[in-house]
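Read the figures in this text as sums done on the coordinates, not as results from a lab. Please read these numbers as outputs of a predicted model, since none were measured by experiment. Neighbour counts run over all protein chains shown; Cβ positions are idealised from the backbone, glycine included.
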Amino acid sequence: MPIIWLLLNSFKTDSDFITSFSNIKGPLDYISRLVPRNFTFINYIEIFVGGETANTTANMYTMFKNSIIVAFSQTIIILIVTSLSGFAYERLHFPGGNALFWTLMYISMFPNAVSVLPLFKISNSLGWVNSLHALIWPGTAGMFNIFLIRNFLKGIPRDFDEAAYIDGASSFQVYLRIILPTIKPVLIVVALFAFNGAWNDFLWPSIVMTDVNSQPITPGLRLLMGQYEQKWAHLIASTVVSIVPPFLIYLVAQKYFLQGISISAGVKG
């Protein structure tokens, strides 16, 4: 219902939106007023190309570019880091590995707000304030994703690993040629979570990005509301545009989401 509400109101003029919900006489009257009286695409046009009634270009291209760079970069790095970590914790059995894993799991249960001040101090020391590095690197080693991959690996027989080791493969070759193709379904799930988390992150970018031109799209919507004379219809249209990339990603990858595979047929004897 909130999505339908956004879509319908995004095609209203600003004056139509402001006046359409006054003196409502009941639920049916409310529903009827959701439909635009003067259907228009002007909000979407002015978001990107501007117009006579609003200064609404508002760095939308820059904010979209920042969000796309951050989301895709962080997703790729997360896939590399978490898949290697999950493989190491589950397959390599190094001294103290299990204790280290559960220690990090317990630490990750603290609220994210606890780490905001240390992260800001570290980012400031590295010169990352108003830099996309501050948005990309801090979230690349999430323990939940490592836990997800590690648990998925528990269901994969070690016969594949042992056969590869017998043939002279190294641990990295086992990871690259045996493990990665096998854990493709869980990697897609991790990628979806990572992209969605990076795209929708609000608190951390609002703190570390003080320059308007450095803002990604999600915290940037807050700036639109306060900077352009409370033009609600434009803000609603901007919100609709901001949810399109995650929606398309989910649409393309939905058949892989939480998809299980059976690999027992590959084990003989």
Two-site label geometry, I24 and D211: point separation in nm, points 7 Å out along Cα→Cβ
4.3 nm
With each pseudo-label sitting 7 Å past Cα toward Cβ, what's the F48-N130 distance in nm, one decimal?
2.9 nm
Which whole-number percent gives the relative contact order of the chain, counting Cα pairs below 8 Å spaced six or more residues apart?
30 percent
Over the stretch 1-159, what relative contact order in percent results from Cα pairs under 8 Å that are six or more residues apart?
22 percent
Considering the zone a paramagnetic label at N151 would reach in this model (a point 7 Å from Cα along the Cα-to-Cβ line), which residues of the stretch 179-212 have amide N under 19 Å from it?
183-195, 197
Taking a crude spin-label model, label points 7 Å out from Cα along the C-beta direction, the F110 to I68 distance in nm is 3.7 nm
Kyte-Doolittle mean at least 1.0, axial Cα span of 20 Å or more - DSSP H helices of the chain
60-87, 184-200
